[in-house]
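Derivation of every value follows stated rules applied to the coordinates shown; laboratory data play no part. Worth saying up front: this structure is predicted, and the values here are computed from it rather than measured. Positions of Cβ are generated from backbone atoms using ideal geometry, with glycine treated the same way; all protein chains shown enter the neighbour counts.
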Amino acid sequence: MTMAKARYYKADGKMGQARDLPATLFDGVVNEGVLHQVVKAYLSNQRQGTASGKNRSAVRGGGRKPWKQKGTGRARQGTIRAPQWTGGGLAFPPQPHGWRVTVPKKVRGLARRSALNARAEADRVVLIDPIAFEGPKTRQLLDYLAGIEIEGKVLILTYGVNENLVLSARNVPGIEVMPFGEESSYDILSAGTILIERPAIEAWEQANAGTADSGAAPDQAEDEAEETTDA
């Protein structure tokens with residue numbers, strides 16, 4: 001199996017030699033069915049389910065029959081709060097309920113790998129040296145991205161929490177920053193380009209060095225990576 005490769009940029013923004021991506025994470029498998037399942041669950045879990053309306057029993061009034069059953073020449077009516085009356089209750093009003101969908105961890109892990117593979121196949125996974133800012137500098141981040149010719153929506157996956165980088169990107173539409181391993185399949189697919197700090201990939205590869213030979217599922221970080229799917 002040919003190992004996937006990614007462009008690599010040094011801390012000064014200069015391009016280095018392309019780097020191999022770990023085969024245990026970038027195995028070339030893109031399971032579209034699983035991606036659809038997980039993304040659909042993620043979007044469903046964002047719904048609050050608080051929409052509410054009143055049916056005829058919840059509308060005040062209407063306890064008396066408006067006119068007698070027969071002899072008036074008018075259609076029979078039992079209450080002025082029936083759905084066909086102005087001010088009446090709704091026939092099928094929305095009721096508060098949950099939209100939560102639970103997806104198994106292994107399915108979420110497969111979806112995350114599929115999303116990363118899809119971006120890697122399109123040359124949309126880029127390795128970079130850690131971005132170290134002395135403080136929150138939005139202009140410095142934009143200049144860095146322009147220098148390495150990254151455009152559109154970007155997801156930056158850092159080695160641990162990089163507070164200065166998070167603050168630098170928080171006011172820029174289309175740029176998301178989070179620690180590597182906390183991204184969901186939806187986060188990956190919604191971004192055009194994925195920037196991954198090299199130490200994050202190296203740490204992941206060291207932690208999962210034995211999974212390729214043992215046939216075991218990738219590490220718990222991958223299982224936990226999609227926890228936000230059920231959030």
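Tabulated data for the structure shown
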read-out	value
Value of [θ]222 nm, deg cm²/dmol, for the chain, DSSP H segments ≥ 4, -39500 (n - 2.57) each, nearest 500	-9000 deg cm²/dmol
Neighbour-count order for Ser44, Ser57, Ser114, Ser185, fewest beta carbons within 10 angstrom listed first	Ser57, Ser44, Ser114, Ser185
Cα-based helix-to-principal-axis angle, 198-207 vs the chain, degrees rounded to 10	90
Over segment 1-47 - Rg/Rh using Cα atoms and the Kirkwood inverse-distance radius	1.21
Linear extension gain, Ala11 paired with Glu163, 0.36 nm per residue minus alpha-carbon span	53.0 nm
Calculated over segment 83-194: convex hull of Cα atoms, volume per residue (Å³)	194
Centre separation in Å (Cα based) which lies between segment 8-53 and segment 54-73	56
Least to most buried among Arg56, Arg64, Arg108 (fewest other Cβ within 10 Å first)	Arg64, Arg56, Arg108
Rg over Rh, two decimals, segment 60-125 (C-alpha only, Kirkwood Rh)	1.59
Greater than 28 Å apart at Cα, pairs in Lys10/Lys40; Lys40/Lys153; Lys106/Lys137; Lys40/Lys106; Lys10/Lys153	Lys10/Lys40; Lys106/Lys137
Taking the chain and dividing mean pair separation by its residue count, relative contact order in percent (alpha carbons under 8 Å, at least six apart)	25
Diffusion coefficient, µm² s⁻¹, Stokes-Einstein with Kirkwood Rh over alpha-carbon pairs of segment 49-98 at 37 °C and 0.692 mPa s	271
Label point distance in nm, Ala91-Arg47, each placed 7 Å from Cα along Cα→Cβ	2.1
Debye intensity ratio in log₁₀ form over the Cα atoms of segment 1-83, taken at each q of 0.16 Å⁻¹	-0.88
Residues Lys68, Lys10, sorted so that the one with the fewest Cβ neighbours within 10 Å comes first	Lys68, Lys10
Stretchable slack from Gln206 to Arg74, in nm (0.36 nm times residue separation minus alpha-carbon distance)	39.3 nm
Considering only the chain, percent of DSSP beta bridges that pair antiparallel, nearest 5	15
